[in-house]
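Asker: Take this structure first; my questions come after.
The values are calculated or read from the model by the stated rules, or taken from the named source; none is laboratory data. Not measured: the values here are computed from a predicted model. All Cβ positions, glycine included, derive from the backbone under ideal geometry; neighbour counts span all protein chains shown.
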């Protein structure tokens with residue numbers, strides 16, 4: 001009897017990106033939205049719905065790329081990101097209110 | 001001109017602006033100019049709840065044990081919210097339905113207004129539960145000076161738009177002498193300006209004015225008091241967060257000129273006035289906080305902290321519609337409120353303990369017999 005084992009998927013290399021916030025620097029992965037990762041780093045971000053419709057967690061995106069696996073219901077102003085559902089795709093710099 | 005409940009003209013509604021184009025005829029959603037409004041409808045429907053689902057029996061006992069100045073805080077907020085939702089339960093329909101031109105937006109307006117009527121019914125549910133004579137409370141809404149001052153600012157833009165649209169629908173364009181009101185000029189730019197300011201003031205109503213009450217309700221609940229009320233407020237806050245997205249989309253679509261190029265010009269002209277609407281509302285809400293706490297504060301909250309929260313939330317909302325923020329408060333002074341405002345753990349019925357929006361009778365149609373192959377009894 002021969003057993004067929006599925007070829008192992010090549011181990012996915014975890015993509016890590018830097019998030020600059022003022023003088024702080026936080027490392028984030030592409031596995032989760034930005035909001036939870038900022039919170040874990042001890043940064044308070046305003047939030048409410050946490051599913052993309054209330055726009056409370058809108059943060060300035062100074063440079064860099066983020067994507068939305070699901071298009072959020074909230075209007076995202078150009079130059080801003082919605083932390084609860086944005087996946088960081090490159091090093092980015094963000095800012096809260098001026 | 002004159003409104004028709006079924007416009008006989010043949011036209012492509014995807015080419016119409018959101019407002020002041022053709023009256024909607026066929027309520028069809030297979031083709032949409034702005035699909036976002038259909039998505040908002042779906043979300044709102046998934047949020048459906050009934051006040052009676054929330055048990056308030058312990059709130060009655062809690063309320064009797066509150067100190068007098070805390071009862072004042074609680075009841076005043078309820079009265080204010082009752083006022084706000086009385087306005088919101090009817091005004092989007094009365095003011096916006098006669099001028100809307102897209103079927104998906106028309107239905108969003110109706111869905112939105114309907115959900116506000118649930119809020120109004122929930123206030124009666126709460127008030128009935130905590131006092132013996134609800135009439136005293138409801139009557140005070142039209143006589144209490146602090147409340148009526150607010151009634152004027154939340155209804156004046158709606159009322160002006162309704163008045164102008166009525167004239168437009170009966171008389172058309174021109175300047176008209178209205179007995180008791182003086183001469184009123186009706187032109188498309190004037191109508192559009194009245195509309196833009198109305199949407200801005202509604203955004204302020206739902207995105208800022210509710211939040212002082214929300215904060216107080218949750219501050220009681222932090223002390224495990226009036227928890228049934230807090231559950232209802234959580235459901236209301238979830239709805240309001242969706243509604244404010246609706247008005248943010250309308251404002252941003254108008255300002256972008258993508259929907260109606262003329263509206264972009266008007267939005268630019270109105271920017272200072274809109275800023276003023278936000279600032280004025282924030283100042284009124286701060287005054288309201290002072291009135292609430294006139295006889296004493298409550299644990300965890302006082303007029304100053306609440307005032308800072310109003311400034312903070314106003315900044316957040318101004319930013320969302322592309323306005324420069326205007327208050328110095330850059331941090332949320334009551335960050336614990338977000339744990340109450342978060343909607344993903346709202347529980348109204350046992351079957352939805354984990355998710356707040358669910359579809360009834362969902363079945364997986366892609367199953368076939370082979371899916372049960374490794375299933376033994």
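Asker: Listed residues B:245, B:290; which is surrounded by fewer than 21 Cβ atoms within 10 Å (Cβ to Cβ) and in a helix (DSSP H, G or I)?
Answerer: Working: B:245 fails: surrounded by fewer than 21 Cβ atoms within 10 Å (Cβ to Cβ).
Matching residue, one of B:245, B:290: B:290.
Asker: Go through segment B:319-331 and give me each residue that's within 7 Å of chain A (Cβ to nearest Cβ), more than 20 Å from the chain's Cα centre (by Cα) and surrounded by 18 or more Cβ atoms within 10 Å (Cβ to Cβ). Explain how you work it out, then say what you get.
Answerer: Of all residues in segment B:319-331, those within 7 Å of chain A (Cβ to nearest Cβ) come to B:319-320, B:322, B:325, B:330.
Filter again for more than 20 Å from the chain's Cα centre (by Cα), leaving B:325, B:330.
Once the filter is applied, which keeps residues that are within 7 Å of chain A (Cβ to nearest Cβ), more than 20 Å from the chain's Cα centre (by Cα) and surrounded by 18 or more Cβ atoms within 10 Å (Cβ to Cβ), segment B:319-331 yields only B:325.
Asker: Kindly indicate which of B:258, B:234 is surrounded by fewer than 23 Cβ atoms within 10 Å (Cβ to Cβ) and within 14 Å of another protein chain (Cβ to nearest Cβ). Reasoning before the result, please.
Answerer: Details: B:234 fails: surrounded by fewer than 23 Cβ atoms within 10 Å (Cβ to Cβ).
Matching residue, one of B:258, B:234: B:258.
Asker: From the residues in segment A:50-62 that are within 17 Å of residue B:321 (Cα to Cα) and not in a loop (DSSP other than H, G, I, E, B), which one is farthest from the other protein chains (Cβ to nearest Cβ)? Even if it seems obvious, please write down each step before you answer.
Answerer: The initial filter retains those residues of segment A:50-62 that are within 17 Å of residue B:321 (Cα to Cα), namely A:52-61.
Subsequent filtering for residues that are not in a loop (DSSP other than H, G, I, E, B) retains A:58-61.
On the way: A:58: 6, A:59: 10, A:60: 9, A:61: 13 Å.
Ranking the qualifying residues of segment A:50-62, first place goes to A:61.
Asker: Now for a separate question. Out of segment A:63-84, which residues are surrounded by 18 or more Cβ atoms within 10 Å (Cβ to Cβ), more than 12 Å from chain B (Cβ to nearest Cβ) and in a strand (DSSP E or B)? Quick ask: steps written out before the conclusion?
Answerer: Within segment A:63-84, the subset surrounded by 18 or more Cβ atoms within 10 Å (Cβ to Cβ) is A:66, A:72-77, A:80-84.
Now restrict to residues that are more than 12 Å from chain B (Cβ to nearest Cβ): A:66, A:81, A:83.
If the condition is that a residue be surrounded by 18 or more Cβ atoms within 10 Å (Cβ to Cβ), more than 12 Å from chain B (Cβ to nearest Cβ) and in a strand (DSSP E or B), then A:66, A:81 are the ones that fit.
Asker: Can you tell me which residues in segment B:160-177 are outside any helix (DSSP H, G or I) and either without any contact (Cβ under 8 Å) to a residue 12 or more places away in the chain or crowded, with 17+ Cβ neighbours inside 10 Å (or both)? It would help to see each step written out before you state the result.
Answerer: From segment B:160-177, those outside any helix (DSSP H, G or I) are B:172-177; that's our starting set.
Of everything in segment B:160-177, those that are outside any helix (DSSP H, G or I) and either without any contact (Cβ under 8 Å) to a residue 12 or more places away in the chain or crowded, with 17+ Cβ neighbours inside 10 Å (or both) turn out to be B:175, B:176, B:177.
Asker: I've got another one for you. Collect the residues in segment A:22-49 that are within 11 Å of chain B (Cβ to nearest Cβ) and either in a strand (DSSP E or B) or in contact with a helix residue (DSSP H, G or I) (Cβ under 7 Å, 6 or more places away or on another chain) (or both), keeping them in residue-number order.
Answerer: A:45, A:46, A:47, A:48, A:49
Asker: Give segment A:85-98 a look and list any residue that's within 14 Å of chain B (Cβ to nearest Cβ), assigned to a loop (DSSP other than H, G, I, E, B) and either under 19 Å from residue A:25 (Cα atoms) or in contact with a strand residue (DSSP E or B) (Cβ under 9 Å, 6 or more places away or on another chain) (or both), or say none. Walk me through how you get there before you give the answer.
Answerer: At the first step, the residues of segment A:85-98 found to be within 14 Å of chain B (Cβ to nearest Cβ) are A:85, A:94-98.
Of the ones still in play, those that are also assigned to a loop (DSSP other than H, G, I, E, B) are A:85, A:96-98.
Listed by number, the residues that qualify are A:96, A:97, A:98.
Asker: Give the residue that is farthest from residue B:33 (Cα to Cα), with candidates limited to residues of segment B:272-286 that are in contact with a helix residue (DSSP H, G or I) (Cβ under 9 Å, 6 or more places away or on another chain) and surrounded by fewer than 15 Cβ atoms within 10 Å (Cβ to Cβ). Spell out how you get there, then give the answer.
Answerer: Residues of segment B:272-286 that are in contact with a helix residue (DSSP H, G or I) (Cβ under 9 Å, 6 or more places away or on another chain), as a first pass: B:273-275, B:277-286.
Retained after the next criterion (residues that are surrounded by fewer than 15 Cβ atoms within 10 Å (Cβ to Cβ)): B:273, B:280, B:283.
Values: B:273: 29, B:280: 34, B:283: 37 Å.
The selected residue is B:283.
Asker: Please specify each residue of segment B:63-97 satisfying the condition of being surrounded by fewer than 20 Cβ atoms within 10 Å (Cβ to Cβ) and farther than 26 Å from residue B:286 by Cα.
Answerer: Listed by number, the residues that qualify are B:64, B:65, B:90, B:93, B:94, B:97.
Asker: In segment A:3-10, is there at least one residue being in a loop (DSSP other than H, G, I, E, B) and at pLDDT 95 or above?
Answerer: Applying the first criterion (in a loop (DSSP other than H, G, I, E, B)) to segment A:3-10 yields A:3-10.
Next, only the ones that are at pLDDT 95 or above stay: none.
Within segment A:3-10, none of the residues are in a loop (DSSP other than H, G, I, E, B) and at pLDDT 95 or above.
Asker: Sticking with this one: Can residue B:344 be described as over 14 Å from residue A:45 (Cα atoms), at the interface with another protein chain (Cβ under 9 Å from one of its Cβ atoms), at pLDDT 60 or above and out of contact with any strand residue (DSSP E or B) (no Cβ under 8 Å at 6 or more places or on another chain)?
Answerer: Against the criterion (over 14 Å from residue A:45 (Cα atoms), at the interface with another protein chain (Cβ under 9 Å from one of its Cβ atoms), at pLDDT 60 or above and out of contact with any strand residue (DSSP E or B) (no Cβ under 8 Å at 6 or more places or on another chain)), residue B:344 qualifies.
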